[in-house]
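Quick notes on the structure that follows.
The values are calculated or read from the model by the stated rules, or taken from the named source; none is laboratory data. Everything quoted here is computed from the prediction, not taken from an experiment. Here the Cβ positions follow ideal geometry from the backbone for every residue, glycine too, while neighbour counts run over all protein chains shown.
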Amino acid sequence: MEWSETAVTAVAAFRGKHAEAYVELESGPDGAMVDIGGWLGLEESVDLQALLCCIVNSLEQGYRLSLDLSTVTYISSTGVGALSNALVCARKKGAVLAIARISESAERILKALGILGYFQSERYDE
């Protein structure tokens, strides 16, 4: 899969604005992955929400997008909202959004808020 120029540009803009957060686009034979890490506070999460919708909207219908959240050190309620919104965007697009990996802190928050179960889950051996 090749990422759209819009998605690549949006990721570069996000990285340029947020030193404490990390986003990387990856692609493979089984789908695409967005690696998200670092501090997802209020400011980062507002921009992350727009970024994730941009990424989802660049996918073809039925495509699978996995999120690697294994290096998330903090996620605010706004960050949880960004992930929830991405899930809604994916469903509207007819795409699948899954969590491939998740840090303990992010998993604890998503479980406590009851949202983790809405995402498909993938477990990869490291």
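Quick look at the numbers
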item	result
Scan of the stretch 34-56 for residues that are crowded, with 20+ Cβ neighbours inside 10 Å and over 17 Å from Lys93 (Cβ atoms), ordered by number	Ile36, Leu40, Glu44, Ser45, Leu48
Qualifying residue in the stretch 115-126 (condition: surrounded by 16 or more Cβ atoms within 10 Å (Cβ to Cβ) and under 18 Å from Ala21 (Cβ atoms))	no
Leading residue by the ranking (farthest from Tyr74 (Cα to Cα)) among those in the stretch 23-33 that are among the small types (Gly, Ala, Ser) and crowded, with 18+ Cβ neighbours inside 10 Å	Gly31
Meets criteria (modelled with pLDDT of 95 or more and not charged (D, E, K, R)) for Leu42	yes
Test: residue in the stretch 101-110 that is in a strand (DSSP E or B), crowded, with 17+ Cβ neighbours inside 10 Å, modelled with pLDDT of 95 or more and aliphatic (A, V, I, L, M)	yes
Residue in the stretch 42-70 that is nearest to Glu26 (Cα to Cα), counting only those that are of a type in the set (Gly, Ala, Ser) and assigned to a strand (DSSP E or B)	Ser66
Meets criteria (basic (Lys, Arg) and under 12 Å from the mean Cα position of the chain (by Cα)) for Arg101	yes
Residue check, Val80 of a type in the set (Val, Ile, Thr) and part of a strand (DSSP E or B)	no
